Amino acid sequence: MLRPVRAERRTTPPRSTAPLGRRLPLVAAAVVAAGLTAACGPASEPAGSAAAATAAQSSQALPSESASPSAEVSPTASASASTSASASASASPSRNPSRAPSGSTAAGGGSAKPARTSAAPAPAKVPGPGYDSSADAQKQIDAALRAAKADGRMVLLDFGANWCGNCKAADKVFAQSQTAGILGASYYMVKVDIGGNSSANSALLRKYSPSGGTYKMPVLVVVSPSGTVRTDTHVTGNPSLTADGINTWLRTWAS
């Protein structure tokens, strides 16, 4: 009875070690493939290839240490970065705001024209009564013309004398608030003394009122910013030396 049993044991084939021998090369190959994947990025071979199968076996047999650390992002860090970027985008204004189109300027790509200001220039100073014989009338006229070129006002030349009764009457009207307002808004006024012995002032009178003859004072001359005489009362006659007469005359030649 014992002999058949022994014979049966000997006839049983020994356990093959082939599967273990085959698994070891596969594990080694998986380690190599995982190392290459971590160093060079994901494999370019299609799913189902030998490389994909090897990587799948390696993911089951080995721990997940071969995954690239740079491919993992913490959800908390992602949420924080997203919130920070959104807050920065909403808080900071655009550095290059688009200009609102203004007619054909925006379409043509040109620069926008500056807006005109509606504020009126400050009133010009109105000289007091009388005439200063020591003043340099030519310099005063030149300064008034420069100022007139800057803002478009007229220049009013008043040729007279301190002993002239009509000149004193005109000065009283010039001192009134309404007339002074018209003068300050529309004229640069220069008073020139021709009652003394100033040859320079007499020459200025002949320059701006060249018709000659006997002058009836005051001689009022309106000069444009370019230096052209617009009116000369020595030729046209003086207005009535009242507020209505002088105000009407000043408004007529103010523009």
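Quick notes
- Average accessible surface area per residue within the stretch 185-255, 1.4 Å rolling probe, Å²: 47 Å²
- Virtual spin-label span in nm between ASP142 and VAL229, 7 Å along Cα→Cβ: 2.1 nm
- Amide H contacts under 5 Å for THR231, placed H, 5+ residues apart: VAL222
- Under 12 Å, Cβ to Cβ, from PRO127 - net charge with Lys/Arg +1 and Asp/Glu -1: -2
- The residues neighbouring PRO225, those whose beta-carbon lies less than 13 Å from its own, together hold a net charge of +2 under the Lys/Arg +1, Asp/Glu -1 convention.
- Proximal lysines to LYS125, defined as alpha-carbon separation beneath 25 angstrom and excluding residues fewer than eight positions away on the same chain: LYS139, LYS149, LYS168, LYS172, LYS191, LYS207
- Trypsin sites (Lys or Arg not before Pro) lying in DSSP loop within the stretch 137-217, provided at most 15 other Cβ fall within 10 Å: LYS216
- Fully extended contour minus Cα-Cα distance, from ALA150 to LYS172, at 0.36 nm per residue: 5.0 nm
- The stretch 132-188: C-alpha gyration tensor shape, a/c 1.5 cut-off, then a/b vs b/c: oblate
The values are calculated or read from the model by the stated rules, or taken from the named source; none is laboratory data. This one's a predicted model, so the numbers in the text were calculated from it and none came from an experiment. Positions of Cβ are backbone-derived with ideal geometry, glycine not excepted, and every protein chain shown enters the neighbour counts. These accessible areas exclude ligands, DNA and RNA; they are computed on the full protein's heavy atoms, side chains included. Shrake-Rupley method; radii C 1.70, N 1.55, O 1.52, S 1.80 Å.
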